[in-house]
Amino acid sequence: MRDDYYGLLRPEILEMIPAGCRSVLDVGCGSGALGAHLKQTGVKEVCGIEIFPDAASQARAVLDEVVEGNLEQVELPFRPGQFDCIICADVLEHLVDPWAMVGKLKALLAPGGCIVASLPNVGFHRVVRGLMKGQWRYGDAGILDRTHLRFFTLPGVEELFTGNGMSVEAISRKVDGGWNIKLLNVMMFNRIKESLVFQYVVRARQS
C-alpha cells in the first residue's frame, strides 16, 4: 500500500463525478479526503466504507457516516436509492466477486445515478513485456499489487458494468509510455493504443 493512501485526493475521479450530486458513497474512502472535498464543494451527504480501522476513524471526523470492514463481508446500512453517485477508486480489483458487488452497489443508486470507478489495465505494455519474458512479479503497489484478486482489460471493465444492466457513458485513460512504444503504436496504425493505458476511470449509469 502507498504511504499516502489514507489522504489521496484523486483529480481524475473528481472530474468524473457529475455536477449536482447531493449524496455520494465513497467505497474505500481512506481518511475521507476526497469526501471532505466534495462536501466543501456542495455535496450535502458523503458516506464512506473503509477496511482499515485507522483510516476509518479519521474519515468519521469529516464524513456523515463511515462503515468499517471488508466490503464483501459487512452489512451495509444504506437504503436503496440513497446515493446519486458511488465511488470505487482502486477497489473492485481487490474483491473476490466484483461483478456481484457492482450489482449490490447499483441497488443503492437513485434513479439515474452512477458509479465512478478506477481499475488497472493488465494489458499495459510493461506487464505484457514481462509476460513475454516469462515474468509475473507481484509488488506492493501498481497493476500487479499482491492484494489484487481480479485483473481487467478494457472489455472486462465495460462488461463489469454492462453485465449489471448499466451503461458506460464515459471512460478516461491514464497513459504511460515511452517514445518506443508510442512509435510502435503509430507504426501499427493505433492498434495497440490500449497497451499504453495503465488505468481506466469509468462512469457507468443506470440504464
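The values are calculated or read from the model by the stated rules, or taken from the named source; none is laboratory data. Being a predicted model, the structure only gives us computed values, none of them experimental. Here Cβ is always computed from backbone atoms with ideal geometry, including for glycine, and neighbour counts include all displayed protein chains.
Assorted remarks:
- Enumeration of residues in segment 117-135 that are closer than 30 Å to LEU105 by Cβ and touching a helix residue (DSSP H, G or I) at 6+ places or on another chain (Cβ under 8 Å): ALA117, SER118, LEU119, PRO120, ASN121, GLY123, PHE124
- Any chance ILE51 is closer than 23 Å to ARG203 by Cβ and either out of contact with any helix residue (DSSP H, G or I) (no Cβ under 8 Å at 6 or more places or on another chain) or β-branched (Val, Ile, Thr) (or both): no
- Taking segment 66-125 as the range and being under 27 Å from LYS44 (Cα atoms) and among the polar types (S, T, N, Q) as the test, the residues that pass are ASN70, GLN82, SER118.
- Residue match in segment 121-144 (condition: outside any loop (DSSP other than H, G, I, E, B), surrounded by 14 or more Cβ atoms within 10 Å (Cβ to Cβ) and touching a strand residue (DSSP E or B) at 6+ places or on another chain (Cβ under 6 Å)): yes
- Flag: GLU12 does not match the condition of being more than 17 Å from the chain's Cα centre (by Cα) and either free of Cβ contacts under 8 Å to residues at least 60 places away in the same chain or assigned to a helix (DSSP H, G or I) (or both).
- Residue in segment 157-174 that is more than 24 Å from GLY113 (Cβ to Cβ) and either surrounded by 11 or more Cβ atoms within 10 Å (Cβ to Cβ) or modelled with pLDDT of 95 or more (or both) present: yes
- Answer residue from segment 90-120, given it is outside any helix (DSSP H, G or I) and of a type in the set (Asp, Glu) and is surrounded by the fewest Cβ atoms within 10 Å (Cβ to Cβ) among those: ASP97
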